[in-house]
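Remarks on the structure that follows.
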Amino acid sequence: MDFFISGITEDYALKVVFNLLLSVVLGGLIGNERERHGRAAGMRTHMIVCLGASLTSMMSLYINEIHGATGDVFRISAQVVSGIGFLGAGMIILKNNSVITGLTTAAGIWTTGIIGLAVGYGFYIGAVGAALLCLSATALLSKLERRKKLSAVFYIECDNMYETNALLDKVHDNLQKEFTYRIVPPKSGASDHIGIELALVKRDNSDLITLLQLDGVVFVAEE
């Protein structure tokens with residue numbers, strides 16, 4: 001037991017406790033923001049990552065300062081930086097419609113780990129500043145993403161290229177909203193088909209069904 005506590009002063013012990021608590025708080029703040037948006041990696045995951053990373057850097061300093069061992073104090077921490085990348089990769093999902101999700105959460109996990117390392121090394125101003133900026137960035141981007149989701153782009157394919165204008169009139173009459181469009185090659189490759197990309201100003205859940213029910217439309221997909 002003496003080996004584990006030898007050389008540790010009361011101030012040193014208080015610093016260790018403070019670092020661990022600060023890591024939990026900062027990791028929890030970032031994780032809470034992700035959890036409120038329904039992400040799989042929430043408060044507990046971010047807290048544990050930040051806590052573990054902080055302990056890693058403190059352990060390196062402890063071996064050098066208390067036991068007088070010589071060596072690179074950043075060697076173990078460097079492995080944490082790369083190791084968290086594997087954890088973050090597990091958060092990234094490619095959905096059936098080729099939409100990638102989880103990038104923000106993966107980046108948050110990695111950043112939380114770095115914040116934990118900073119706390120462990122005593123770089124408090126950097127850790128707190130990074131945590132606040134990370135929270136601000138994710139909150140702001142979430143608002144921008146929600147605003148972006150109000151609009152949508154649909155690809156529709158018509159089985160008769162000579163009926164394009166008539167089809168666009170039907171789209172206008174049935175959707176009852178503003179849109180812009182451009183003609184693109186048909187994804188099916190059929191010579192008599194034509195592709196149209198519709199950019200809607202406002203998206204409704206019924207848009208996809210409405211477009212599918214139009215005469216002459218053989219395929220609809222949200223881009």
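Considering K202, K187, K177, K170, the condition of being in a loop (DSSP other than H, G, I, E, B) and under 14 Å from I156 (Cβ atoms) is satisfied by K187 alone.
For every residue, the table says whether it meets (1) in the same structural domain as V80 (by TED's automatic domain parsing); (2) more than 20 Å from V17 (Cβ to Cβ); (3) at pLDDT 80 or above.
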residue	(1), (2), (3)
G116	yes, no, yes
V119	yes, no, yes
Y124	yes, no, yes
L132	yes, yes, yes
A137	yes, yes, no
L141	yes, yes, no
L144	yes, yes, no
I156	no, yes, yes
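All conditions in (1) modelled with pLDDT under 80; (2) under 22 Å from A139 (Cα atoms); (3) assigned to a helix (DSSP H, G or I); (4) not charged (D, E, K, R) hold for A41, with the sole exception of (3). Scanning segment 190-199 for residues that are in contact with a helix residue (DSSP H, G or I) (Cβ under 8 Å, 6 or more places away or on another chain) and farther than 13 Å from A152 by Cβ turns up D192, H193, I194, I196.
Residues that are β-branched (V, I, T) and in a helix (DSSP H, G or I) were ranked within segment 205-223; the one that is modelled with the highest pLDDT is T210. Going by the structure shown, is N64 in the same structural domain as L135 (by TED's automatic domain parsing) and either touching a helix residue (DSSP H, G or I) at 6+ places or on another chain (Cβ under 8 Å) or at pLDDT below 70 (or both)? Criteria not met by N64. Summed over segment 191-207, the residues that are surrounded by fewer than 16 Cβ atoms within 10 Å (Cβ to Cβ) and within 17 Å of A221 (Cα to Cα) give a count of 7.
Against the criterion of being in a strand (DSSP E or B) and not hydrophobic (A, V, I, L, M, F, W, C), E163 does not qualify.
The values are calculated or read from the model by the stated rules, or taken from the named source; none is laboratory data. Nothing here was measured: the structure is a model prediction, and the numbers come from that model. Heads up, the Cβs are rebuilt from the backbone with ideal geometry, glycines too, and the neighbour counts pull from every protein chain shown.
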